[in-house]
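Notes follow once the structure below has been shown.
The values are calculated or read from the model by the stated rules, or taken from the named source; none is laboratory data. Nothing here was measured: the structure is a model prediction, and the numbers come from that model. Every residue, glycine among them, receives a Cβ derived from its backbone with ideal geometry; neighbour counts consider all protein chains shown.
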Amino acid sequence: MDPKKIITGMFIISTLMGCSIHKKAAKERAEMLQQLPQTAQIIRAADLERLPQPVKQWLASSGVVGKKRTQTAFVEQTLRMKLKSDQDKWYIGKANQLFTIEDPGFNWTMRMKMSPIINIKARDKFANGHGEMHIKMNNLITMAKAAGSKIDEASLQRFLGELVWFPSAALSEHINWETIDSTSARATININDIEAFGTFNFNTQGEVVSFSAMRYKDTGAEAEKRLWINTVKKTGIINGIRVPVKTSTTWRLDDGDWTWLKLEITDIKLKPAKKHITNP
């Protein structure tokens, strides 16, 4: 058979299959937004008083005081990724992510090209207290799919670390803050009996410089927690709020550090339009 016909056939099948993947993600996103509150409170300086000093300084310097609490956020990203710790080449991709804050959840979709004929699509989510990860090659072959208690906890930790893109979420009643020292604080989040925690580190200007947590890297029976570190490489202003716009993510492993993800935020929409729900 003509190789070109095989490739063309795979592309057509992949495209058709991709429609169903997109419909599933769109349905999940629509369900996330069904129970949103009708109004958002204005953040006052007094609302920050209960927080540890470095967290209070972070929110104040980010510019949230006087603005409405974020209820939803749509974050657009470009990324570079390594799938293995010994990989030299960075794969390039794009992603976007819908967040709900009062009922903590996210739905992340990613597209990445590994070669002229191999494409990767991924969907990672946390909703109703449960996480799920699904990665497919050419929309045909499942490379990874995982759910369960370890994914639930790891996904909630991810939500906690990523609230730096909408700092008012630090005021959530689901989060308990504890002071570590003048430039760091520990956050613990509880959702449906699932608990996750991590440490936020700040500079003297009140900007987040890193978030770290002991997180499950794998989901098997023998899986252990490893140190997972998000490091802020650049801070910028989006929607009048100072947020990290470039980050790198690292696993600390027995044989050394593995920086596997470099992320750049291209836009954050705090009131995503319908098209962002129906076209993930």
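Q205 falls short on exactly one of the conditions (1) farther than 23 Å from R80 by Cβ; (2) of a type outside the set (A, V, I, L, M); (3) touching a Gly at 6+ places or on another chain (Cβ under 9 Å); (4) surrounded by fewer than 18 Cβ atoms within 10 Å (Cβ to Cβ), and that condition is (3). For segment 96-149, a residue qualifies if it is within 15 Å of L163 (Cα to Cα) and hydroxyl-bearing (S, T, Y), and exactly one does: T100. Scanning segment 203-237 for residues that are closer than 26 Å to T78 by Cβ, in contact (Cβ under 8 Å) with a residue 60 or more places away in the chain and assigned to a strand (DSSP E or B) yields V208, R215, W228, N230, V232, I237. Looking only at segment 268-275, decide whether some residue is surrounded by 14 or more Cβ atoms within 10 Å (Cβ to Cβ), at pLDDT below 95 and under 21 Å from A147 (Cβ atoms). No, segment 268-275 has no match at all.
Selection of first residues in segment 113-124 that are in a loop (DSSP other than H, G, I, E, B) and of second residues that are modelled with pLDDT under 90 and not hydrophobic (A, V, I, L, M, F, W, C), restricted to Cβ pairs under 8 Å at least 6 apart or on distinct chains, gives the following pairs, ordered by first then second residue: I117/N138.
Contact map, segment 239-264: residues that are on the phi > 0 side of the Ramachandran plot paired with residues that are charged (D, E, K, R) and modelled with pLDDT of 95 or more, Cβ distance under 8 Å, separation 6+ or inter-chain. Pairs shown: G240/K67. Here is the figure for segment 69-119: residues that are over 20 Å from Q34 (Cβ atoms) and of a type outside the set (S, T, N, Q) total 25. How about segment 182-196: which of its residues are surrounded by 15 or more Cβ atoms within 10 Å (Cβ to Cβ) and either in contact with an Asp or Glu (Cβ under 9 Å, 6 or more places away or on another chain) or modelled with pLDDT under 95 (or both)? Answer for segment 182-196, where residues must be surrounded by 15 or more Cβ atoms within 10 Å (Cβ to Cβ) and either in contact with an Asp or Glu (Cβ under 9 Å, 6 or more places away or on another chain) or modelled with pLDDT under 95 (or both): A185, R186, A187, I189, I191, I194, A196.
Results for (1) closer than 25 Å to K67 by Cβ; (2) among the acidic types (D, E), shown as yes or no for each residue.
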| residue | (1), (2) |
| --- | --- |
| I141 | no, no |
| K145 | no, no |
| T183 | yes, no |
| I189 | yes, no |
| D193 | no, yes |
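Which of the residues that make up segment 49-104 are of a type in the set (S, T, Y) and at pLDDT 95 or above?
Within segment 49-104, the subset of a type in the set (S, T, Y) is 61-62, 70, 72, 78, 85, 91, 100.
Those that are of a type in the set (S, T, Y) and at pLDDT 95 or above: S61, S62, T78, Y91.
Can you name every residue in segment 134-163 that is part of a strand (DSSP E or B) and either of a type in the set (G, A, S) or crowded, with 18+ Cβ neighbours inside 10 Å (or both)? Result: H134, I135, K136, A144, A146, A147.
Does segment 81-98 hold any residues that are within 16 Å of I118 (Cα to Cα) and not aromatic (F, W, Y), and which are they? Quick ask: steps written out before the conclusion?
Kept after step one, since they are within 16 Å of I118 (Cα to Cα), are these residues of segment 81-98: 81-83, 89-94.
Scanning segment 81-98 gives M81, K82, L83, K89, I92, G93, K94.
Across segment 164-184, what is the number of residues that are closer than 25 Å to I268 by Cα and either β-branched (V, I, T) or not in a helix (DSSP H, G or I) (or both)? Talk me through it step by step, then tell me what you get.
From segment 164-184, those closer than 25 Å to I268 by Cα are 164-175; that's our starting set.
If we keep only those that are either β-branched (V, I, T) or not in a helix (DSSP H, G or I) (or both) too, we end up with 164, 166, 172-175.
Counting residues in segment 164-184 that are closer than 25 Å to I268 by Cα and either β-branched (V, I, T) or not in a helix (DSSP H, G or I) (or both) gives 6.
Within segment 73-92, work out how many residues are over 19 Å from T235 (Cα atoms), out of contact with any Leu (no Cβ under 7 Å at 6 or more places or on another chain) and either β-branched (V, I, T) or surrounded by 19 or more Cβ atoms within 10 Å (Cβ to Cβ) (or both). Residues meeting the conditions: 1. Residues in segment 229-248 that are touching a Phe, Trp or Tyr at 6+ places or on another chain (Cβ under 6 Å) and either closer than 16 Å to T259 by Cα or surrounded by fewer than 19 Cβ atoms within 10 Å (Cβ to Cβ) (or both): 1 in all. Contact map, segment 133-145: first residue under 23 Å from R158 (Cβ atoms) and in contact (Cβ under 8 Å) with a residue 24 or more places away in the chain, second residue assigned to a strand (DSSP E or B) and hydroxyl-bearing (S, T, Y), Cβ cut-off under 6 Å, separation 6 or more or different chains; pairs are K136/T142. Considering A40, A30, the condition of being in contact (Cβ under 8 Å) with a residue 24 or more places away in the chain, within 30 Å of D218 (Cα to Cα) and of a type outside the set (S, T, N, Q) is satisfied by A30 alone.
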